[in-house]
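Participant: Can you keep this structure in mind? I'll have questions shortly.
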Amino acid sequence: MRTARLTLKHRSAAAGAKGAPMRSSSLKRFARPPLASLAVVVLLRGTAVAEVPGALGTVPVPKPNLAGFVRDEAAAVALGKALFWDMQLGSDGIQTCGSCHFHGGADNRLKNQVNPGTLHAATTFEVAKPNATLTAANFPLHKLANVEDRLSKVLFDADDVVSSQSVTLRKFNDVIPGQAEENCTVTPDPIFNVGGVNVRRVQPRNTPTMINAIFTFRNFWDGRANAIFNGVDAFGPRNPNARVLQVQADGSVVPVSVAIFPASLASLAAAVPASNFALACTGRTLNKFGKKMLSLTPLAKQWVDPTDSVLAPLAKSCRTPGARGLTRSYVTLV
């Protein structure tokens, strides 16, 4: 298989007579304005085939059938948005999903944003030290003598990752109902520290934008957030022991397995709250996270815009200017 640009001078059996130039009329069945310039032409056995992606706005949002799980979809949407932005998610009562997805869905912060490559056990910082502020001089991470020649001499190369700072390294003891900050014990961090004092850890992979992530079949850079959500963790059917509790007609509760598809974002969301590189003290479980959040007022530390497209009807600021949080509890939203 070879790839080539589609031009009027291209000769192909698909153009008509053997050796004849392809006429402009032959392009009509390949090009669909306004994205004709994005056409990818694949030449297979002398036949030109063009794949033209359509506008994303024309693609139906892939939604799983949640009839057996969600009673009130509007409440579920409000719950999801509140949790995403709520600073109380973090074990420190500060860090939230939105901390790393604030600017265009991604992270534009400059201070303390470098991981030395911990995924392959690297501990030496090459681009910038912990808690340092990045500048233009720190880029690119792979520097060539001639930027237009990939085979030219390599002047600098680092396995560091520019990513997102999160929480400091601490051991989880327990949640304190009614409080955002959890009971955790400081653990000396041999990597992310300045003068022996822990600083916020930096995640080992760059934070991608979450905008339009609903269209991603799998999530996380390594794809471990399975497209099939098992109701428990990120691994879908790869975890055969995953069970959720289902209330029966007689009021009893039994553990059952579920397979919700497509739902890789749910798989992702089940993994992040327990990560000590994202939100949690080491050892916090999803159950403990849930116990804490159910005891708190949603977004209690934050002012909610009274014109918010989802949360405005629930915002305390709509009733009392400057008030923080929502009028409903997490228990009610759940």
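No lab work stands behind these numbers, since they all come straight from the coordinates. Since this is a predicted model, take the numbers as computed values, not measurements. Every residue, glycine as well, gets a Cβ built from its backbone with ideal geometry; the counts of neighbours run over all protein chains shown.
Participant: So which aspartates and glutamates pass the test for residue 143, namely a Cα distance under 14 Å, with those fewer than 8 places away in the same chain ruled out?
Facilitator: 126, 157, 159, 160
Participant: Still on this structure: Please identify every one of the trypsin sites (Lys or Arg not before Pro) in the range 137-185 that sits in a loop by DSSP and has no more than 15 other beta carbons within 10 Å of its own beta carbon. List each step's numbers first, then the result.
Facilitator: On the way: sites: 143, 150, 153, 170, 171; in loops: 150, 153.
Sparse-neighbourhood loop trypsin sites (Lys or Arg not before Pro): 150, 153.
Participant: Under 19 Å from a point 7 Å along the Cα-to-Cβ line of residue 310: which residues of the range 197-225 have their amide N that close?
Facilitator: Label zone hits: 208-217, 219-220.
Participant: Give me the one-decimal nm value for the distance between modelled label points at residue 294 and residue 59, 7 Å along each residue's Cα-to-Cβ direction.
Facilitator: 3.7 nm
Participant: Right, here's the next one. Please find, in a Gaussian network model of the chain (springs between Cα atoms separated by less than 10 Å), the residue of 233, 222, 159 whose mean-square fluctuation is greatest.
Facilitator: The residue with the greatest mean-square fluctuation here is 222.
Participant: Please work out the FRET efficiency for the pair residue 120 and residue 301, using the Cβ-Cβ distance as r and a Förster radius of 30 Å; give the result to the nearest 0.05. The partial results should precede the final answer.
Facilitator: Working: r = 37 Å, r/R0 = 1.23.
My answer for the efficiency is 0.20.
Participant: In the Gaussian network model of the chain, springs joining C-alpha atoms below 10 Å, which of 306, 208, 140 carries the largest mean-square fluctuation?
Facilitator: 140
Participant: Quick check: Cα centre of the range 249-284 to Cα centre of the range 111-152, how many Å?
Facilitator: The range 249-284 and the range 111-152 have Cα centres spaced 34 Å from each other.
Participant: Related question: Give, as a single signed number, the net charge of other residues whose beta carbon lies under 14 Å from the beta carbon of residue 289, with Lys and Arg counted +1 and Asp and Glu -1. Before the final figure, lay out each step's value.
Facilitator: Working: positive: 284, 288, 291, 292; negative: 86, 92, 174, 181, 182, 233.
After counting each charged neighbour, the total is -2.
Participant: Nearest 500 deg cm²/dmol is fine: what mean residue ellipticity at 222 nm does the chain get from its DSSP H runs of n ≥ 4 alone, each adding -39,500 (n - 2.57), divided by its residue count? Please list the in-between numbers first.
Facilitator: On the way: 5 runs with 38 residues, N = 334.
-3000 deg cm²/dmol, from helical runs alone.
Participant: Among 178, 195, 98, determine the one that fluctuates most according to a GNM of the chain built with springs between C-alpha atoms less than 10 Å apart.
Facilitator: Result for the chain, Cα springs under 10 Å: 195 fluctuates most.
Participant: Give me the one-decimal nm value for the distance between modelled label points at residue 257 and residue 186, 7 Å along each residue's Cα-to-Cβ direction.
Facilitator: That separation, rounded to one decimal, is 4.6 nm.
Participant: Which distance in nm do the two modelled labels at residue 245 and residue 103 give, with both placed 7 Å along the Cα-to-Cβ direction?
Facilitator: 4.4 nm
Participant: Residue 214 to residue 69: extension gain in nm, 0.36 nm per residue of separation minus the Cα-Cα distance? Provide the component values of the computation, followed by the final result.
Facilitator: Numbers: separation 145, 0.36 × 145 = 52.20 nm, distance 1.87 nm.
Extra length from residue 214 to residue 69 when fully extended: 50.3 nm.
Participant: If I take all pairs of Cα atoms in the chain, what percentage of them are more than 25 Å from each other? Mind dumping the intermediate values first?
Facilitator: Details: 36441 of 55611 pairs.
Taking all Cα-Cα pairs of the chain, the fraction more than 25 Å apart is 66 percent.
Participant: Rounded to the nearest Å, what's the spacing between the alpha carbon centres of the range 200-215 and the range 161-193? Just the number, please.
Facilitator: Value for the Cα centre distance between the two parts: 19 Å.
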